[in-house]
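Trainee: Before we start, here is the structure in question, set down as structure tokens.
The values are calculated or read from the model by the stated rules, or taken from the named source; none is laboratory data. It should be emphasised that the depicted structure is a prediction, and the values quoted were computed from it without experimental measurement. Note: ideal-geometry Cβ built from the backbone for every residue, glycine included; neighbour counts use all protein chains shown.
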């Protein structure tokens, strides 16, 4: 389906130059001299690279119709992750490379979206935040909280995250999977 730059919106997927991109942001620009254009920030769905690209106003391109399938993470065996389709109960195994950095925060029964374009696997979208238990961390020292310090904590999935000094072993914390940062303590 062909679309023009007038149809741009955040989150729209387009095919240009043989690659699939999602529009992160865009801006219509009408300079005093010359023709109008659209300045965009695009993320390549195959590589994850973010680029800046300019399109002439009214330029046409193909919209990429992306298929997102909700799947449940079952288990990990060495460097392979197994997922199950909740509707058909079909299972698929993917490598850690195809999942990306979010693989470190997957625990069994986590819902993810598997992204495909014309049958080609583009990747796995993990939830933006997950709640995980702290399996190992050093105790915080009394009086250290005034400095706003942090300490490393190993989570139940094996991922290591910097947490505030008041977080102890056994606490459940919320982690942002995009940045790998501590968000808040859920329960203690």
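Trainee: Taking the residues in segment 25-43 that are loosely packed, with under 15 Cβ neighbours inside 10 Å and part of a strand (DSSP E or B) as candidates, determine which candidate is farthest from the chain's Cα centre (by Cα).
Mentor: Here the answer is 29.
Trainee: I want to confirm something. Restricting to segment 118-131 and keeping residues that are in a strand (DSSP E or B) and under 17 Å from the mean Cα position of the chain (by Cα), which single residue is nearest to residue 185 (Cα to Cα)?
Mentor: First pass over segment 118-131, keeping only residues in a strand (DSSP E or B): 120-125, 129-131.
Next, only the ones that are under 17 Å from the mean Cα position of the chain (by Cα) stay: 121-125, 129-131.
Working: 121: 35, 122: 33, 123: 29, 124: 26, 125: 24, 129: 12, 130: 11, 131: 9 Å.
The qualifying residue nearest to residue 185 (Cα to Cα) is 131.
Trainee: For segment 140-150, check the following and say yes or no: at least one residue is surrounded by 13 or more Cβ atoms within 10 Å (Cβ to Cβ), touching a strand residue (DSSP E or B) at 6+ places or on another chain (Cβ under 6 Å) and either in the same structural domain as residue 81 (by TED's automatic domain parsing) or modelled with pLDDT of 85 or more (or both).
Mentor: no
Trainee: Give segment 176-188 a look and list any residue that's outside any strand (DSSP E or B) and touching a strand residue (DSSP E or B) at 6+ places or on another chain (Cβ under 7 Å), or say none. Can you show your working first?
Mentor: Applying the first criterion (outside any strand (DSSP E or B)) to segment 176-188 yields 177-180, 188.
Across segment 176-188, the qualifying residues are 177, 180.
Trainee: I've got another one for you. Determine which member of the set 86, 77 is at pLDDT 85 or above and more than 22 Å from residue 178 (Cβ to Cβ).
Mentor: Answer to the check: 77.
Trainee: What number of residues within segment 1-15 satisfy the criterion of being within 18 Å of residue 115 (Cβ to Cβ) and surrounded by 13 or more Cβ atoms within 10 Å (Cβ to Cβ)?
Mentor: 4
Trainee: Considering only residues that are in a strand (DSSP E or B) and either within 10 Å of residue 135 (Cα to Cα) or at pLDDT below 90 (or both), which ones fall in segment 164-175?
Mentor: Across segment 164-175, the qualifying residues are 164, 172.
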